[in-house]
Amino acid sequence: MTLEFDKVILKFPELTSPESRVPSWADYFCRMAEHNWFKDWFNSHYYHLLYKHRDDTEAHAFIDRIVHLLEPAPDAKMLDIACGKGRHSRALAQYGYDVTGIDLSYESIREARKFAHEKLHFFQHDMRMPSWVNYFDIAWNLFTSFGYFKTQREHEKAIRTMAQSIKPGGKLVMDYLNVHYSEDHLVPSVHQIEDGVDFHITKWHDEHFFYKQIQITDAAHPSPHHLYTERVAKFSLGDFTEMMAYEHLQIKEVYGDYQLAPYHIRQSPRLIMVAEKIK
């Protein structure tokens, strides 16, 4: 069954009987939450257009700080998990490390591979699926590239594969939004125009998740409108401590922003954790 709300086409295949009621917007968001929304959205042209201003300079500055802190061996092997187009991978590769970037999005990996070389490799891969075992010195998961999955079990599975990928004594660096700060500073509505495309963004949260609805109006493709909804789990420092401990990862350092200031539960915009594999 296909329904049209103000030219936004929504499809609900299971609502086929005459007795089926017309779904509300709340129904739609619930169904989107059940769907693996990130597979479609991260491969969308509009995703890359909306986030095209992500700052390579800021990424390089953060990598400089964290590398100076961790002091990896010159021949260290790095894994960039959910690498996107590879901006952090490229920053790491400039130090001469052997860097592998993985991402679920084919489009992102296709772009990232334009910069590949002998010590910089990119693969399309789902972080939930096993890959390398006891191979990397440091694994990185940056810019809230986690928390998207439908179930807690899937998130735990992703943490497990991260832990498995690094050597005993190796490190996992995870950069996540600070749930408490994000709750206090949520901007409910934003309108943004990129290359003539209108993005109407609405944000809200409930007990367990942050949501971002992105309604797109593109004059080049006027019908239907495009609608995506991002969903990110509200994982706190305590949640990560528990998930990581189960996979023999012990959080050693916690920072609150990209300048590596101390973490404060209400004042820090980021939750940046450095964990060590202890077994």
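Quick look at the values:
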read-out	value
Stretchable slack from Val190 to Gln152, in nm (0.36 nm times residue separation minus alpha-carbon distance)	10.7 nm
Sites Glu183 and Arg128 - FRET efficiency at Förster radius 30 Å, r taken between beta-carbons, to 0.05	0.65
Gained length - Arg65 relative to Tyr211, 0.36 nm times residue gap less alpha-carbon distance	49.5 nm
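FYI, it's all coordinate maths here, none of it is from the lab. Values in this document were obtained by computation on a predicted structure and should not be read as measured data. As a convention, Cβ positions derive from the backbone with ideal geometry for all residues, glycine included, and neighbour counts pool all protein chains shown.
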